[in-house]
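To start, the structure under review is shown below, and the notes come after it.
Quick note: the coordinates plus some simple rules give every number you see, no bench work behind them. Here the structure is a predicted model, which means the values were calculated and not measured. No Cβ is skipped: glycine too gets one built from the backbone with ideal geometry, and neighbour counts run over all protein chains shown.
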Amino acid sequence: MKLFRIRGGVDVAHRKELSSEEPIMPLPLPSRLYVPLRQHGGAPAEPVVSVGDRVLKGQLLAAPQGSVSAPVHAPTSGEILNIGRQITAHPSAIPQPTIVLESDGCEEWVDLPPPIRDPFAASAASLATRVADCGIVGLGGAAFPTAVKLDAAARGTVDTLVINGAECEPYLTCDDRIMRERAGEIIDGVRIMAHALGATRIVIAIERNKPQALDTMTRAADTVGPEILIVAIPARYPMGSERHLVLLVTGREIPARRLPADVGVSVHNVATARAVHRAVRVGEPLISRVMTVSGGAVRRPRNLEVPIGALVCELLDAAGGTTEAPARLLAGGPMMGQPLHSLVVPVVKGTSGILALAASEIRTAPEQGCIRCGTCVSVCPCGLVPMEMAALIRHEKLEQAVAVGLHDCVACGSCAYACPSHIPLVQYFHYAKGRLKQLGHEQRRRDLARRLAASRAERLERIARAKREAVAARKAAAAAKKVAEAQAHGDGPVGSAAGS
Amino acid sequence: MTAETITEPSGPYAHADWSVRQIMLRVMAALVPATVFNAWVFGWPAVFLFAVTVAAALIAEAICLWLAGRPVGASLADGSAALTAWLLAFSLPPYAPWWIGMVGAVIAIVIGKHIFGGLGQNLFNPAMVARVALLISFPVPMTLYVLPTGFGLLAAPPGFLDGLVITFGGQGIPDALSAATALSAVQTQLGLGQPATVAVASAVAPWRMAAGTMAGSLGETSALLLAAGGVYLLWARVITWHVPVALAGSMALLSGLANAIDPARFPGADFTLLTGATVLGAFFIATDPVTSPVTRGGQLVFGAGCGLLSWVIRSFAGYPEGLAFAILLMNAATPLIDRGMRPRVHGRTRHGRPLTLERLR
Ligand code: SF4
Ligand code: SF4
């Protein structure tokens, strides 16, 4: 298949050999699970259970709120200990509403919804409903509710389904392992999604550095016929970035500020496809996922099937613990992952891995001045000039940074990875985006305050006017009355005035 | 979002094995063959001048950093000052007196670099600023060239002590040694009304120009060794092909064309490329990251501009140092080029408007 040209990108040391040969193993069931209510893009789910309730594995714990949200289910059977706030592996590092579930060790399943026997005869709406009810979100990291994408696209605009098996982040091997061990389930999920979307073209993109996955997936795809295309794409970061993957395999460039669906493409991760398969064929909600535990400080890197809500320290223990104090603890890969500041935070649906990096792996060096070498420009897959944006941000010229493309930056980190002066370019961009948001909030608050003040002044003015008018009316009425009385007595007002 | 979370350090938590120091060290490594060769060709005076220039630059850099309150050791270790001095020394006449090297180094570091705010901030290439400043201020010692003396090209190359006298003695160069560079010789001849063909033929044999056994600046003569260093830099990904190819290409094109039209007046492409420090300039000076554009397109424009201007200056203004002037002029244009040659942003048109969906359907 013809691949289209992607500009930029970096050849990262992928370090996947640490865990790529480790089969997926289940994490030993933790005694307590901390299930956050907001693990997805959108509004947090609302609890439907109370403290002290006994719940069964797969039972609904919290229902979605609003149109972009996802439900949360019990990862095992047990008792609800608490519903409170807890810091999670979610990017914001702000305490999130969380349900604490004490496992009873029975793993007793709730009655699952019946399997959809022939999904290819089912309506798109019923499939989307099932996917929504099972709490499935994008497992590539963004954790956007999958049903929303199936729904939006079901309006008949999507013709191509792109399945992302690139796994371009270094260290992570969970998608690689799922493709090698569960290829049949993935292919089935992919076909179900394609049916729901009405997509006529299906492309599964896998980076060339995963030959076994390519092989297994190709064989699994061949068993169902020629409609699924497995393509080997260059092992170059960030090939798995949604916008770039779409351009690479379809030649369609998503316009700025638009979504893949706008160019007729829907992009989903391989693990998501497998979760869709489980939801449709078994009725199983998303209560666990495969995660990679790796990094130079981990004794025995693994790929684990982890119940949502397990603690990071439990994952590390299952990987033999650490051999040295990790210099950096991350949820996700080293390029776009989030730093963790504690071991006692739960993993969520969007957590693709936990990395404990040794000091020798993170290569920290003090930031030096920009030597204008242009490396960042040539590696940026978005065609931006990172050094210029950073310089503008350093001088707080945020609007100008936006004008040269700040919001077009996908925060892939290629520029900062390659910068010989070790300038934390992405940090500047995060700072600017956060600051602009804050300024936007402040602006809105100021606008609101001004509007309130204005309407208050207007109200007061209205009241005052009403009062004045009332007074005037009363006066006028009184005067009229006097005139009337005077006339009634046959006496002139002048005379009355003279008489008084 | 709170203030804490937005100033939180963020990824990536991996970094390429790549630093400013590595870049500078590789450029220096690429210069070593030409340096050794020219030390041999020009003998002790060249070695002394080189040492004085580098030492003065390091001292000036240290003082500037100290005055600016910056970490002296760490910044000296990045190697940029040493490299600037190295390139400056390469462009000096090999038997120039010691103070030429010292004054040049101070100009390069203080005026060329630190006045602008230090590494990365300067608009002009510091070595070229110093070279042009020296040329204008001290035209006589800056144009006194000598014949190469190594390889038994001359009966009596100056020994260690003679070398000391030449560099530090202040007595000038023995008449027997002085010579004109190929470029200025040709220009003198052209000035006397000789056709270019005769002038070039009488100057230097092409193989000597390529090898570098001719009169010229301290490090500029050996086109072959410098080109080898440049190829190494390309291979080591320190530079990309854009600037050197655009520079040499435009120069070859122009001189080739002019030569075809009026061979009596304009020397051919081979002569143009092999003389006047073209190879050094194309691979090592015009490619200076700080003073050249950051985009690939901009680098092509910049390189082509350097080639064009230096050919024009050499051909019509009669300055053999045309390339130094050309590079400085293009340095001044760099901010403009950078603004004009931004890459197209993903999902947007060249003018920055979002792509329209119609285009895709
Ligand atoms: S890579 Fe770093 S040093 Fe080079 S231009 Fe970009 S910001 Fe400057
Ligand atoms: S982080 Fe942004 S600016 Fe840097 S390379 Fe990625 S898209 Fe370009």
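Summing Lys, Arg as +1 and Asp, Glu as -1, what charge do residues with Cβ under 11 Å from the Cβ of A:Gly141 carry, A:Gly141 excluded? Write down the numbers at each step before the final one.
Values: positive: A:Lys349; negative: A:Glu167, A:Glu169, A:Asp175, A:Glu242.
Charge balance near A:Gly141 sits at -3.
Relative to the present Cα-Cα distance, how much length would full extension add between A:Glu461 and A:Glu46 at 0.36 nm per residue of separation? Please list the in-between numbers first.
On the way: separation 415, 0.36 × 415 = 149.40 nm, distance 4.41 nm.
Roughly 145.0 nm would be gained on extension.
In terms of the Cα gyration tensor, with a ≥ b ≥ c the square roots of its eigenvalues, is the stretch A:259-379 rounded because a/c is under 1.5, prolate because a/b exceeds b/c, or oblate? If you can, show how the numbers build up before the last one.
On the way: a/c = 2.93, a/b = 1.20, b/c = 2.44.
Taking the square roots of the gyration eigenvalues as a ≥ b ≥ c, the stretch A:259-379 is oblate.
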Once you place label points 7 Å from the Cα toward the Cβ at B:Ile136 and A:Ser342, how far apart are they in nm?
6.5
Tell me whether the stretch A:16-76 comes out rounded, prolate or oblate; compute the Cα gyration tensor, take square roots of the eigenvalues as a ≥ b ≥ c, and use a/c under 1.5 as the rounded threshold.
oblate
Expressed as a percent, the portion of alpha-carbon pairs in the stretch A:186-281 spaced more than 18 Å apart is 48
What net charge do the residues around A:Ser31 carry, taking every other residue with its C-beta under 12 Å from that of A:Ser31, with Lys and Arg at +1 and Asp and Glu at -1?
-3
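Per-residue ellipticity at 222 nm for the protein assembly as shown, helices alone: DSSP H runs ≥ 4 residues times -39500 (n - 2.57), over residue total, nearest 500 deg cm²/dmol? Can you show the working numbers first?
Values: 32 runs with 385 residues, N = 861.
Mean residue ellipticity at 222 nm (helix-derived): -14000 deg cm²/dmol.
Please state the charge dipole magnitude for chain A, taken about the Cα centre, from unit charges on C-beta atoms (+1 on K and R, -1 on D and E), reported in debye and rounded to the nearest 20. The partial results should precede the final answer.
Values: 58 positive and 48 negative charges, 454 e Å.
My answer is approximately 2180 debye.
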Let a ≥ b ≥ c be the square roots of the eigenvalues of the Cα gyration tensor of chain A; is it rounded (a/c under 1.5), or, if not, prolate (a/b larger than b/c) or oblate?
prolate
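Lys pairs in the protein assembly as shown, Cα-Cα under 19 Å, at least 8 apart or on separate chains: how many? Walk me through the numbers before you get to the answer.
On the way: A:Lys16/A:Lys210; A:Lys57/A:Lys349; A:Lys149/A:Lys349; A:Lys397/A:Lys433; A:Lys397/A:Lys437; A:Lys467/A:Lys475.
Going through the protein assembly as shown pair by pair, I get 6.
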Cut-off 18 Å, label point 7 angstrom out along Cα-to-Cβ of A:Lys397: give me the residues of the stretch A:432-455 whose amide nitrogen falls inside.
A:432-433, A:436
Here the averaged projected area of the stretch A:115-249, based on the convex hull of its alpha-carbon atoms and given in nm², is 7.9
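Per residue of B:346-353, what is the mean number of Cβ atoms on other protein chains within 10 angstrom of that residue's Cβ?
Values: counts 20, 13, 8, 2, 0, 0, 5, 2.
For this peptide, the per-residue mean of nearby foreign Cβ atoms is 6.
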At R0 = 25 Å the Cβ-Cβ FRET efficiency linking A:Arg219 and A:Phe120, nearest 0.05, sits at 0.70
Cut-off 11 Å between beta-carbons: net charge of the residues surrounding A:Gly251, Lys and Arg +1, Asp and Glu -1
+2
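FRET efficiency for B:Arg344 and A:Ser67, Cβ-Cβ distance as r, R0 = 30 Å, nearest 0.05?
Details: r = 35 Å, r/R0 = 1.17.
Working from the Cβ atoms, E equals 0.30.
Which FRET efficiency value, to the nearest 0.05, is calculated for B:Arg265 and B:Ala228 with the Förster distance at 45 angstrom and r the Cβ-Cβ distance? Don't skip to the end; give the middle numbers.
On the way: r = 33 Å, r/R0 = 0.73.
Approximately 0.85, to the nearest 0.05.
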With the crude spin-label approximation of a point 7 Å out along Cα→Cβ, what separation in nm comes out for B:Leu257 versus A:Arg474?
9.5
Go through the stretch A:106-189 and name the trypsin sites (Lys or Arg not before Pro) that are in a DSSP coil and have 14 or fewer other Cβ atoms within 10 Å of their Cβ.
A:Arg117, A:Arg155
